[in-house]
Structures are given as C-alpha cells and as structure tokens.
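Data first, discussion second: the structure below is written as structure tokens.
Derivation of every value follows stated rules applied to the coordinates shown; laboratory data play no part. Just so it is clear, the structure is predicted and the values come from calculations on it, not from any experiment. Neighbour counts are summed over all protein chains in view; Cβ atoms, including those assigned to glycine, are modelled from backbone coordinates with ideal geometry.
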Amino acid sequence: MDRKQHWDSVYTTRAETEVSWFQDNPALSLALIQNSGIAHDAALIDIGGGASRLADALLAEGYGNLAVLDIAAAALEKSRTRLGEAASRIDWIVADITQWQPTRAYRLWHDRAVFHFLTEPSDRAAYKRALLAGTGAGSQIIIASFAPDGPERCSGLPVTRYSPQSLQTELGADFVLQESRHEEHRTPGGNLQHFQFSRFARL
C-alpha cells in the first residue's frame, strides 16, 4: 500500500475523532501562530491538515486567507462537511507534499502531521523543496513532531522523532528557531504521547 492509499484507508474506515492524533482544541498550534505575529489576512497553510480542527479555530479567530493540504481527499472532505458553508473560505489542496509544487508563497506554514512520517532522506529533501518554494524571507514555519521520548510508530508507520535542535539541523541554515514547546498529547484511547512544537523564521 502506498502513502496515499494508506491515508485514504485511515480516513474512510475510522472516524476523525478516533485517530490517535485527534485534538478537539489545537491550542498550542493556535498559540504559536498568534505568537508569530502574522496579520489575520496573511496567507497561511496547514500541511497535513486533513480533518484537523485547526482550520475551524483559525476561522473563529479571524484568519481569513487559509489553505489546507492533505494527501487524503477523504480527510479534507470530513473537514468540508464539518465546516459547512465556511468551508468555501478555505483553499483545499489534495496533494502529496513530496510531489507538490506551490503556486504561491505563504506567510505561515504549519505542520503537525507530516514531517515526522518522512523517514527517507529523499522524501525530506522533497518536503524542503516544497517548503522553500512555498515560503519567502520572513515567513514563519511551525513544525510539530514526536519528541525524542515520543512514539516510534504511528498509524502503523515508522516515524522520525525530533528535538527542536535536531529539527533545526534538518531544516538547515535558511531557518532560525524562534521558540519551541513540549506537549503531552492525550490520545482518544487515553495514551500519552510526547510532541515538540518548534517555530522558525525563514531568512
């Protein structure tokens, strides 16, 4: 099963509130976005945002220039259905980030779902090409991943765990760490997972 088939299967066979990464309130992501200082009309993209509730929270806070990218069309459809008429205010993009070519630059790039699944160097290099093409000088980048003491697998797949410092090394000198946070995420099943959230500025 390839990457797209895997995630389409996840979102067609399981409710969005049952997957381990579900958050009813994406408070830390929202706090870091607010800390970035971007204007409410600045272009913002959520990578792997699928069925996440972050888009709902951003719309409620007055952010109005939003895009959500996910490899799984089924995940995006769950968000469209949940948001109803408000879904028309969001640019929904079905794409594999390792093959995607951005057509615009975003002032803020948020990813709580994708980067730590890219265990192959070639996939991380492709992600970084998209990141460089989809941001510009001064853009803010927020990437969350499993922390060094987090799970080694998720959704049946291996992951790469990061500290803020190792993530900085992975992204390279074009990106400067601005702040980082640790999160203990309680899954719907009651398990505790350790995440790190890091916000970078692009030079």
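Around the amide H of Phe200, modelled in the peptide plane, lie the amide H atoms of Ile141, Ile142, Ile143, Gln178, all under 5 Å away and 5 or more residues distant in sequence or on another chain.
Return the FRET efficiency for the residue pair Ala86, Arg153: r is the Cβ-Cβ distance, R0 is 41 Å, and the value is rounded to the nearest 0.05.
Working: r = 35 Å, r/R0 = 0.84.
Once rounded, the FRET efficiency stands at 0.75.
Think of the chain as a dipole: +1 on every Lys or Arg Cβ, -1 on every Asp or Glu Cβ, centred on the Cα centre; then among Cys154, Ser166, Ala144, Ser166 lies furthest on the positive end. Every Cα-Cα pair of the stretch 2-47 was included, and the share exceeding 17 Å stands at 54 percent.
Across the options Ser180, Ile38, Gly62, the greatest Cα extent toward the positive end of the charge dipole of the chain (unit charges at beta carbon of Lys, Arg, Asp, Glu) belongs to Ile38. Here the gap between Ser122 and Asp2, fully extended at 0.36 nm per residue and compared with their Cα-Cα distance, gives a gain of 41.6 nm. Projected onto their three principal axes, the Cα atoms of the chain cover extents of 42, 39, 30 Å, largest first.
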